[in-house]
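Data block below; observations after.
The values are calculated or read from the model by the stated rules, or taken from the named source; none is laboratory data. These figures come from a predicted structure and were not determined experimentally. Here the Cβ is made from the backbone with ideal geometry for all residues, glycine too, and neighbour counts use every protein chain on show.
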Amino acid sequence: MAGVVSAAEFTAALRSWGVRRVTGVPCGHLAGPWALFDRAGELVPAVSEGAAVAIAAGWELGGTRAAVLCQNSGFGNLVNPLTSLLVPYHVPVLVVMTLRGWPDPARDEPQHAVMGASTEALLGELGVPHAVLGDGNLADCLARAGEARERGTPFFLLVPRGAIGGPDPVVVPPVADACTRADVVSALLDRLTDHLLVTTTGYLSRQAHHERDRPETLYMQGSMGHAAAIGLGLASALPSRRVVVLDGDGAFLMHLGTGATAAAVGGENLVHVVVDNGCYESTGCQPSAAPGVDWAAIGAGLGYRRVLHCADRTRLPAALDAALTGPGPVLCALQVTATPDEVHPRASADTGLDTIAERFRRAAAGRVTT
């Protein structure tokens, strides 16, 4: 692609502009700079875009110039701290945000279409200055960001797909006896009959669709972090139906507070399975905060009725059997090794998202577990 800025060049430009600390939520189109900042010890991964903005604000208030890396699919998560923290307090954070679903929604995943077409207009309505990275204009964009900074105003640098070069390929060393995403999804689907299943966005949804497409499965694309909330709503609406949520570590951490609500009112029919690979696999295996998380302690602290944990392939069947047969709400945390080379098509590749929702709705209204 003509005019592509290398990851090294982009990272160097931000450092020359004064950025010393970086936070955010990964996007595959920013994987190159993310890896370089991480390697230099200058990056702190945030659990959500809103949290990233707040972390960056703290750095700025402490005298350290900061930047946020994210994608526009998470723009909604950061609007609150943008409008009620950065703008009124005059905290001039630089936000580098990719433009998913723009300029041609057909080239991206369907869940990005609405936000892709609206991002610039939304920033305009909020009165937040911004610029789109283009052929040879990085210096000009940062100059405009500098002008905004002098006014105490945050600035958004919008990055189209392919505008910044990628990182080196990710190599994940094998781990003896470790479960994989495929192991978990296959074993889980083998145990489901008319259970309702909600699969979180990313590779878990793709894997579930690849292993066995079923109308009782709601394949999430987007809405990261909200699988547990959807499952909670389903379990409450259909108390005689077993509801299983297949979640990811990064997704669950993004809106961890939902776990407290699910534990409090989720009912005996709610099973929350968290697959912990320690990274954001679908955006380039960037590390999440999960490696330092004690899922058993978190589950107990949130108030789940039962908490299960499994870290090896031999114990996986027993863990899933226990999760699916005992009373809930139950949190079942499964440690897996990342397998970034095993990538399957999205569910929306052959079925529209509205069709997926409609057939799921019909399945939910059909057979009832006794």
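For this structure, a couple of remarks:
- Failed condition for Val128, given (1) hydrophobic (A, V, I, L, M, F, W, C); (2) under 27 Å from Ala357 (Cβ atoms); (3) crowded, with 16+ Cβ neighbours inside 10 Å: (2)
- For Val271: the one exception among (1) at pLDDT below 95; (2) touching a helix residue (DSSP H, G or I) at 6+ places or on another chain (Cβ under 6 Å); (3) outside any loop (DSSP other than H, G, I, E, B): (1)
- Consider the stretch 19-38 and keep the residues that are hydrophobic (A, V, I, L, M, F, W, C) and out of contact with any Asp or Glu (no Cβ under 7 Å at 6 or more places or on another chain). The one that is surrounded by the most Cβ atoms within 10 Å (Cβ to Cβ) is Leu30.
- Exclusive hit being modelled with pLDDT of 95 or more and out of contact with any Lys or Arg (no Cβ under 6 Å at 6 or more places or on another chain), set Gly3, Gly18, Gly24: Gly24
- Among residues of the stretch 48-82 being farther than 22 Å from Leu142 by Cβ and in contact with an Asp or Glu (Cβ under 6 Å, 6 or more places away or on another chain), the one that is surrounded by the fewest Cβ atoms within 10 Å (Cβ to Cβ) is Asn77.
- Residue within the stretch 261-275 that is buried (at least 18 other Cβ atoms within 10 Å of the Cβ) and of a type in the set (S, T, N, Q) present: yes
- Here the condition is being farther than 24 Å from Glu109 by Cβ and within 15 Å of the chain's Cα centre (by Cα); of Thr23, Thr64, it holds for Thr23 alone.
- Applying the criterion of at least 2 residues that are in the same structural domain as Ala349 (by TED's automatic domain parsing), touching a strand residue (DSSP E or B) at 6+ places or on another chain (Cβ under 9 Å) and basic (Lys, Arg) to the strands (runs of 3 or more DSSP E) found wholly in the stretch 38-143 leaves an empty list.
- Selection of first residues in the stretch 13-25 that are more than 17 Å from Gly63 (Cβ to Cβ) and of second residues that are surrounded by fewer than 17 Cβ atoms within 10 Å (Cβ to Cβ) and of a type in the set (A, V, I, L, M), restricted to Cβ pairs under 9 Å at least 6 apart or on distinct chains, gives the following pairs, ordered by first then second residue: Ala13/Ala139.
- Residue within the stretch 36-47 that is touching a residue at least 60 places away in the same chain (Cβ under 8 Å), among the hydrophobic types (A, V, I, L, M, F, W, C) and in contact with a helix residue (DSSP H, G or I) (Cβ under 8 Å, 6 or more places away or on another chain) present: yes
- Hits in the stretch 100-115 (condition: surrounded by fewer than 23 Cβ atoms within 10 Å (Cβ to Cβ) and in contact (Cβ under 8 Å) with a residue 12 or more places away in the chain): Trp102, Pro103, Pro105, Arg107, Asp108, Glu109, Pro110, Gln111, His112, Ala113, Val114, Met115
- Enumeration of residues in the stretch 330-361 that are in a loop (DSSP other than H, G, I, E, B) and more than 25 Å from Pro291 (Cβ to Cβ): His344, Pro345, Arg346, Asp350, Thr351, Gly352
- Residues of the stretch 284-329 that turn out to be in contact (Cβ under 8 Å) with a residue 24 or more places away in the chain and assigned to a helix (DSSP H, G or I), as a count: 14
- Lone qualifier among Leu334, Leu308, Leu320, Leu316 - being within 22 Å of the chain's Cα centre (by Cα) and not small (Gly, Ala, Ser): Leu334
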